[in-house]
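Take a look at the structure set out below.
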Amino acid sequence: MSSKLRALLLLSVLSLASCRGWVLEDRTGCPRLLYFDIQNAGSFEAGTKVRVHAFPHQTGEPVREVSTTVRDIQSHIFGVEVRSAQPVEGYALLGGESLVQGADGYRLPAGKSYAPLFRFAYLTSVPEEYGVLPVELLKEYAGVRLQFVGERGPLAVTVRANTCGLRPDTGEPLQGPFECRLSTDDDGFYHFNLPRLTDNRLTLEITGQNGLPETLDLFRILQEDGGITWKERNLPDVGLVIDSVARTVEVRVSPWEWEDLSYEY
């Protein structure tokens, strides 16, 4: 157990001292602290936003929502106060700053880029003053790096899909328009993130130097050449190299074994 965790647990015990009273005192309503240990739980960056929701397992009524920011991913632990010895369930989202909460889940506003998003759901008990729950994060997005070779880059690149968010408790994708016009970084690469998909609509519209748009069936390319099913517990990252002269697309998928594959369009 890390020194930081020991300190946090010590503080929690001290803060609960006023509620402990005599041995025979009823402690049913006393706070119980549930700590989430996200040490080494995923490859996300410091500064990532964390949103935690907790519910009593029997009633489903919200206990509270906690929002914090990861400062040091290697040692960060955060807690939720629970006032019941009954099992507690809930979920947490890490990242996804571009998503907006609605009645059915979190959705991406039109024209926005899909931010990196990790999620976990839990069901656990807090029998004493505190409990510590190790976290397994699920990667809920596919990061894509796109490169054009063969001639000057296109005038415009736009990605479109029919999925724009997810239900945070189940991870079920939410249907809705997703459209984002891409821009290059300093090295000439395009970077964008894709959510889990509800159907096979995923296209890449490329406007060449002649001003004429051409649409690629990106869903088919990623499925046939990359083997991506969108049902993986953790979505992979993808590298695409489009040769506009040879009319080929090279697909590289990570963290799976890297393969050089081509798809003629």
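Any read-out appearing in this document is the output of simple, stated calculations on the displayed coordinates, not a laboratory observation. The structure displayed is predicted, hence computed values, not measured ones. Because the Cβ atoms are built from the backbone with ideal geometry, glycine has one as well, and the counts that use them run over all protein chains shown.
Couple of notes before you dig in:
- Burial ordering of 254, 125, fewest other beta-carbon atoms within 10 Å first: 254, 125
- Ranked by how many other beta carbons lie within 10 Å on average, peptides 148-158, 91-101 from highest: 91-101, 148-158
- Cα shape, region 124-216, gyration tensor, a/c 1.5 rule: prolate
- Extension gain, residue 57 to residue 203: 0.36 nm times the residue separation minus the Cα-Cα distance gives 48.5 nm.
- Part-to-part distance (alpha-carbon centres) for region 204-256 and region 93-114, which is given in Å: 24
- One chain, two ends: residue 167 and residue 181. Fully extended at 0.36 nm per residue, the span grows by 2.5 nm beyond their Cα-Cα distance.
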